[in-house]
Every structure is written in C-alpha cells, then in structure tokens.
Amino acid sequence: MGKIELWHRKPRDALESLTAFAKQTAEEITGRTQEATAKYFNWLQDTMSASPWVNTELNKKLLSYATEMATDASAFTQQLSQAKNLEDVVKIQI
C-alpha cells in the first residue's frame with residue numbers, strides 16, 4: 001500500500017491501515033530479533049565451550065550474564081509486539 005493511497009482514504013480507514021501495518025512490522029521485528037538473539041546465544045555457548053577456561057568461574061559468570069541479556073531482550077521485544085498503540089509502546093519503554 002503506497003503513501004498516496006492512505007491519504008485518499010477516510011481518516012479512520014487510514015488509521016486502521018497504519019495500525020495493521022505497524023502490527024505486522026512489529027511482529028516481523030520481534031521474530032527477527034528472537035532469531036538473532038538465539039543465534040548469538042548459541043554462538044556464545046559454542047565459543048565459551050571451546051575456550052580454555054571452560055570450567056572457570058569467569059566463564060560461568062559470562063555465560064550467565066549473556067543468558068540474562070538474551071532473555072531480557074527477547075522478553076522486551078515480545079512486550080513491544082503486543083503493544084496496541086503508540087501509548088503502549090511508550091509505557092513499555094519506560
């Protein structure tokens with residue numbers, strides 16, 4: 001749907017179209033973010049497992065922090081994808 005098409009519609013139709021487009025975009029971003037996070041986490045696990053410090057406390061802490069960050073990022077994108085409007089998005093980010 002082009003930009004010009006939106007402006008020839010009634011305001012309510014244009015808003016509904018924009019809302020649908022925003023929801024679809026958010027779902028795509030969420031999916032891509034979750035996929036990227038999973039790939040990164042898998043790479044990090046493989047890298048840490050191959051390191052000479054496999055069983056050290058430092059390695060365990062690094063892996064724990066990475067897991068926490070990946071989980072938080074995934075939860076955040078999931079919350080954003082469920083936002084119904086811009087106000088919800090702002091509330092989630094605060």
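The values are calculated or read from the model by the stated rules, or taken from the named source; none is laboratory data. Here the structure is a predicted model, which is why all the values come from computation and not from measurement. Counting neighbours? That spans all protein chains shown, and the Cβs are built from the backbone with ideal geometry, glycine included.
Data overview
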quantity: Conditions (1) surrounded by 12 or more Cβ atoms within 10 Å (Cβ to Cβ); (2) among the basic types (Lys, Arg); (3) under 30 Å from Leu18 (Cβ atoms): number failed by Lys60; calculated: (3)
quantity: So Leu44, is it over 16 Å from the mean Cα position of the chain (by Cα) and at pLDDT below 85; calculated: yes
quantity: Selection within segment 67-94 - outside any helix (DSSP H, G or I) and either exposed (fewer than 14 other Cβ atoms within 10 Å of the Cβ) or within 12 Å of the chain's Cα centre (by Cα) (or both); calculated: Gln82, Lys84, Asn85, Ile94
quantity: Subset tally (residues that are assigned to a helix (DSSP H, G or I) and among the hydroxyl-bearing types (Ser, Thr, Tyr)) for segment 55-66; calculated: 2
